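Below is one structure, written out as structure tokens; comments come after it.
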Amino acid sequence: MNNKPKPDDRSNNVERLQDMVQNTIGNMERAEETMMNANSEQRQEIEEKNARRRESIAGMREEIKDEATARENGQIEG
């Protein structure tokens, strides 16, 4: 058997990360809509989860910048 790892294909990372950001924003929006009918404990949980989502989005956006810079510098084909 040939157990070679797949080569690292980062050519679509920016697009994939952008999709992840959009999906996360959509999840945040749906959660905020849910908050309107939630009790105080559920609201707190949703607010905490959305805070974590905002942190994730910030991290993904930084990674997008890094990937775009690497692509511009010819470090990544794409």
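Could you list, in sequence order, the residues of segment 49-74 that are of a type in the set (Gly, Ala, Ser), part of a helix (DSSP H, G or I) and either touching a residue at least 40 places away in the same chain (Cβ under 8 Å) or more than 20 Å from ASN27 (Cα to Cα) (or both)?
Initial filter on segment 49-74 (of a type in the set (Gly, Ala, Ser)): 51, 56, 58-59, 68, 70, 74.
Subset that is part of a helix (DSSP H, G or I): 51, 56, 58-59, 68, 70.
ALA68, ALA70, listed by residue number.
For first residues located in segment 18-41 and modelled with pLDDT of 95 or more, partners that are surrounded by 10 or more Cβ atoms within 10 Å (Cβ to Cβ) and of a type in the set (Gly, Ala, Ser) and lie 6+ apart or on another chain with Cβ distances below 9 Å form the pairs MET20/SER56; VAL21/SER56; THR24/SER56.
What is the residue count in segment 26-48 for residues that are within 30 Å of ALA68 (Cα to Cα) and surrounded by 13 or more Cβ atoms within 10 Å (Cβ to Cβ)? Before the answer, list the steps.
Going residue by residue through segment 26-48, those that are within 30 Å of ALA68 (Cα to Cα) are 26-30.
From what is left, the residues that are surrounded by 13 or more Cβ atoms within 10 Å (Cβ to Cβ) are 27-28.
Going through segment 26-48 one residue at a time, the tally reaches 2.
Restricting attention to segment 1-35 and to residues that are among the hydroxyl-bearing types (Ser, Thr, Tyr) and in a helix (DSSP H, G or I), the residue that is nearest to ILE46 (Cα to Cα) turns out to be THR34. Condition first: more than 25 Å from ASN13 (Cβ to Cβ) and aliphatic (A, V, I, L, M). Now tell me which residues in segment 27-78 satisfy that. Residues satisfying the conditions are ALA31, MET35, MET36, ALA38, ILE46, ALA51.
Is it the case, given these coordinates, that GLU45 is of a type outside the set (A, V, I, L, M, F, W, C) and modelled with pLDDT of 95 or more? If you could, list the steps in order and put the result at the bottom.
On the way: of a type outside the set (A, V, I, L, M, F, W, C): yes; modelled with pLDDT of 95 or more: yes.
Considered against the rule, which asks whether it is of a type outside the set (A, V, I, L, M, F, W, C) and modelled with pLDDT of 95 or more, GLU45 comes out as yes.
The values are calculated or read from the model by the stated rules, or taken from the named source; none is laboratory data. Because the structure is a prediction, the values reported are computed rather than measured. In this analysis, Cβ positions are derived from the backbone assuming ideal geometry, glycine residues included, and neighbour counts consider all displayed protein chains.
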